[in-house]
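Here's the structure we're looking at; comments come further down.
Readers should treat all values here as calculations from the given coordinates under stated rules, not as data from a laboratory. Quick caveat: nothing in here was measured; it's all calculated off a predicted structure. Cβ: placed from backbone, ideal geometry, glycine included. Neighbour counts: every protein chain shown.
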Amino acid sequence: MRITIVEPYCTGSHAAWAQEYAARSRHEVELLTLPGRNWKWRMHGGAVTLASRFLAAENSPDLILATDMLDLTTFLALTRERSSRLSCALYFHENQLTYPWSPGDPDKALQRDQHYAFINYTSALAADAVLFNSGYHQDAFLGALPGFLNQFPDATEPASVRRIAQKSRVLPLGMDLKKLDRHRCALPAAQGIPLILWNHRWEYDKDPEAFFQALYQLADQGLDFQVAVLGESFGRVPAVFKEARERLGARVVQWGYLESFADYAQWLWRADLLPVTSRQEFFGASVVQALYCDCIALLPDRLSYPEHVPAQAAGCVLYREGEQLADRLGALIRERRGAGLLGGFVGRYDWENLAPVYDSFFERLAAGKNAPVPPVPVY
């Protein structure tokens with residue numbers, strides 16, 4: 001079977017997902033991509049460029065697997081001579097309907113932000129199967145659609161939400177977690193001093209203010225800890241990062257993005273504690289990586305995080321809105337014990353487990369163009 005992945009924004013986790021699945025699938029998987037930059041233009045114009053390339057290619061796939069960054073309706077319209085009889089799945093890494101926009105983005109103030117959500121909506125209507133990387137993501141998108149459509153003046157097609165829901169499935173993000181194993185214990189422990197980890201993007205939606213405020217409180221209490229701040233930064237970096245670098249001083253043992261995956265993985269294995277404060281997360285790849293490397297986590301009891309925690313550990317790992325993160329984190333530092341290790345639980349997201357699930361699902365989808373969308377196999 002031949003699958004063409006159509007990804008207009010091929011960078012970061014989008015690129016890793018596409019490339020790693022292509023390398024591990026038992027099917028022949030071709031990548032049709034554009035560089036991951038200028039995301040708004042990619043959602044507008046990417047479909048036109050990639051449609052031209054699709055028509056010019058000699059390969060004829062059995063299934064198209066597009067991502068949420070593609071205007072799928074435009075792509076299918078422009079390629080209908082070759083795509084009309086093919087099954088098409090749309091994979092949502094994120095969505096522009098419930099993703100919080102940056103306060104500094106001028107499109108938000110000018111009310112030009114709704115069109116990107118509409119592209120996601122019409123793309124979902126056009127697809128044969130709509131796939132989400134977490135149950136939370138699926139519920140959030142489907143739950144927001146009625147209100148989104150109701151803001152328009154008339155002919156809002158409320159029944160379309162049910163049609164999208166009927167063909168929606170949860171297919172978790174596949175990850176190459178086992179490559180982290182090669183770097184285990186590569187760095188020595190810091191002589192018993194707990195190491196607190198930040199390994200997320202340096203952006204507002206990860207709520208770095210709450211993270212660093214908790215660390216300031218622990219420092220004021222005289223608790224001994226170190227901190228490693230990893231992750232990428234893009235454009236404007238929230239001012240709290242500069243402030244935190246100065247206030248935490250000698251407690252900082254690593255600061256900034258690491259180009260080398262080996263270096264990044266070593267810090268994950270070395271870290272002890274992972275307090276998470278994010279206000280937005282559709283899956284949470286960086287959190288899953290840290291959990292796999294046996295970090296003891298404190299995760300919000302919301303978004304996608306509960307899906308990464310077994311029920312018996314939820315009370316120890318998850319904290320509720322209104323709880324003081326500093327209090328929970330301070331207790332972990334004082335007691336020097338956690339809720340147990342979750343690496344085995346999140347190991348189910350490794351491609352060794354998920355590639356066969358993807359393959360089986362896409363086989364059944366391609367075999368029944370007009371049949372009901374099949375269930376996702378157990379993983």
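Points worth noting:
- Over the chain: Kirkwood hydrodynamic radius from C-alpha pairwise inverse distances, Å: 22.1 Å
- With N the number of residues in the stretch 109-172, Rg(Cα) / (2.2 N^0.38 Å) evaluates to 1.13.
- Set against the 2.2 N^0.38 Å expectation for a compact globular protein, the stretch 143-254 has a Cα radius of gyration ratio of 1.65.
- Protection-proxy order for peptides 198-204, 370-376, each taking the mean of Cβ atoms within 10 Å per residue, highest first: 198-204, 370-376
- Here the convex hull built on the C-alpha positions of the stretch 224-379 has a volume of 169 cubic angstrom per residue.
- Helix 208-220 axis, angle to the chain major axis (alpha carbon atoms, nearest 10°): 10 degrees
- The H on the amide N of Ser168, modeled in the peptide plane, is under 5 Å from the matching H of Val130, each at least 5 residues off or on a different chain.
- Residue (of Ala89, Thr122, Gly344) at the positive-pole extreme of the chain, dipole from beta-carbon charges: Ala89
- Relative packing of peptides 352-358, 128-134, 314-320 - highest average C-beta neighbours within 10 Å first: 128-134, 352-358, 314-320
- Contour minus Cα-Cα distance for His115 and Arg80 (0.36 nm per residue): 10.2 nm
- Potential lengthening between Ala23 and Leu55 on full extension [0.36 nm per residue; Cα-Cα distance subtracted]: 9.1 nm
- Using alpha carbons only: equivalent-ellipsoid semi-axes of the stretch 1-147, gyration tensor based, whole Å: 25, 16, 15
- Take the Cβ atoms of Arg320 and Leu341, set R0 to 25 Å, and the FRET efficiency comes out at 0.65.
- The packing ranking, built from the mean of other Cβ atoms within 10 Å per residue, places the peptides 115-124, 252-261 in the order 115-124, 252-261, highest first.
- Inter-centroid distance (Cα atoms) of the stretch 347-365 relative to the stretch 294-323, Å: 26 Å
- Panel note: the C-alpha atoms of the stretch 220-311, placed on their principal axes, show extents of 38, 34, 27 Å (largest first).
- Rounded to whole Hz, the Karplus (6.51, -1.76, 1.60) HN-Hα couplings of the stretch 160-166, x for glycine and proline: 5, 5, 5, 5, 5, 4, 5
- One compactness figure for the stretch 20-61 is 1.37, namely its Cα radius of gyration divided by 2.2 N^0.38 Å.
- If you plug the beta carbon distance of Val252 and Asn38 into 1/(1 + (r/R0)^6) with R0 = 25 Å, you get a FRET efficiency near 0.15.
- Eigen-decomposition of the gyration tensor built on the alpha-carbon atoms of the stretch 201-255 gives equivalent ellipsoid semi-axes of 20, 12, 9 angstrom, largest listed first.
- Inter-site label distance for Asp220 and Ala239 at 7 Å from Cα along Cβ, in nm: 1.9 nm
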